[in-house]
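Have a look at the structure below before the remarks.
Nothing in this text is a laboratory measurement; each read-out follows from the coordinates by a stated rule. The shown structure was predicted, so the numbers you read here are calculated from the model rather than taken from an experiment. Please note: Cβ atoms are built from the backbone with ideal geometry, for glycine as well, and neighbour counts cover all protein chains shown.
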Ligand SMILES: Nc1nc2c(ncn2[C@@H]2O[C@H](COP(=O)(O)OP(=O)(O)OP(=O)(O)O)[C@@H](O)[C@H]2O)c(=O)[nH]1
Ligand SMILES: [Mg+2]
């Protein structure tokens, strides 16, 4: 749920990066953090295990430019992808304005991707959202690795709503900002239409 | 979708802020801030310079969300008050009107008993302002609805 502050002239929106364990959600945020102008981003907070697996969430606040005199601020969160952290994932989806589904392109991770897509739908419903309406972008990550599924395969398996899809390599940053932009556009368009 | 966006106008912002200021004085606190449950900062007052209020807001909301999850597991609705004691500073976190989180940071100049007492009174005031804010959200004629494709595009130039 976006938050509009007429007093400080700000529009705040929440974006959640979702997807199976090790698909590269945290890496997306790390890349954005590294590449954004320090004036335009806050500190990145990672609540992680000692082995750098996300335990609760990563958080990265961004402020983009102004529209109609309002500063736009986006709060980026990642969920912990490991299956047993489901309770935490549900909490982080609360109040979400748009979701990036980060899929791991490796063939061996297809089951995990499918399970995570289904889990996203369930958890969105649980938070009172219509899972067919929430702004969503698919990112097919790890395109640099061998033994990966084709985009057509990933599309057929995961992109059931036929939403924008972007190929990425989060470690080198390919597709990372394209994904973010696509998501922000969907969110602002969605808000504008008041379509929810 | 049941939820719409939440709008905060000058008037309610000013009301929130003066309630926070009063609470800070009455409770001898260092910093007081108000956050929505999704982790966005609404207003703050006090010695907030040098504090990363954005990060604080997000973590306070995460804290309430996580203990809320714990509460559900044992059949409680939520733990509406959290208290964290540090060596120097302490933090009192409480839920206001189901939607907001009130965070009070204080040191030896105050005490948890006093803070708790003052927070209770301030919460009633804040909850009233929140109701007014929610009503103005409903009748929002809004900047957002007026956004054009071009406005959105311009963010990325
Ligand atoms: N080769 C390659 N490795 C990647 C890519 N993206 C992420 N990785 C690596 O994959 C591993 C896991 O990345 P994370 O970003 O921590 O994964 P995560 O999705 O946050 O995982 P959880 O926190 O457990 O949910 C790290 O070693 C990354 O360097 C990519 O595009 N290509
Ligand atoms: Mg992670």
Practice problem: Among the candidates A:65, A:98, single out the residue that is crowded, with 21+ Cβ neighbours inside 10 Å, over 15 Å from residue B:66 (Cβ atoms) and touching a strand residue (DSSP E or B) at 6+ places or on another chain (Cβ under 8 Å). | Solution: A:98
Quiz item: Restricting to the stretch A:149-178, what's the tally of residues that are within 16 Å of ligand 1 (Cβ to nearest atom) and under 13 Å from residue A:113 (Cα atoms)?
Solution: 3
Quiz item: Among the residues of the stretch A:49-69, how many are within 16 Å of ligand 2 (Cβ to nearest atom) and over 17 Å from residue B:60 (Cα atoms)?
Solution: 6
Quiz item: Given B:50, B:62, B:75, which one is more than 12 Å from the chain's Cα centre (by Cα) and farther than 22 Å from residue B:98 by Cβ?
Solution: B:50
Quiz prompt | For residue B:64: the one exception among (1) touching a residue at least 24 places away in the same chain (Cβ under 8 Å); (2) in contact with a helix residue (DSSP H, G or I) (Cβ under 7 Å, 6 or more places away or on another chain); (3) within 24 Å of residue A:95 (Cβ to Cβ) | solution = (2)
Quiz item: Looking at A:22, A:47, A:55, which is the one that is within 12 Å of ligand 1 (Cβ to nearest atom), surrounded by fewer than 21 Cβ atoms within 10 Å (Cβ to Cβ), farther than 21 Å from residue B:147 by Cβ and within 10 Å of chain B (Cβ to nearest Cβ)?
Solution: A:47
Practice problem: Would you tally the residues in the stretch A:58-73 being facing chain B (nearest Cβ under 10 Å) and away from ligand 1 (no atom under 16 Å from the Cβ)? | Solution: 11
Quiz item: Got a sec? Which strands (runs of 3 or more DSSP E) wholly within the stretch A:85-196 have at least 1 residues that are in contact (Cβ under 8 Å) with a residue 60 or more places away in the chain and within 14 Å of chain B (Cβ to nearest Cβ)?
Solution: A:98-104
Practice problem: Please name all residue pairs, on different chains or six or more residues apart, with Cβ atoms under 7 Å, provided the first residue is in the stretch A:4-16 and is surrounded by fewer than 21 Cβ atoms within 10 Å (Cβ to Cβ) and the second residue is part of a loop (DSSP other than H, G, I, E, B). | Solution: A:6/B:9; A:7/B:9; A:9/A:69
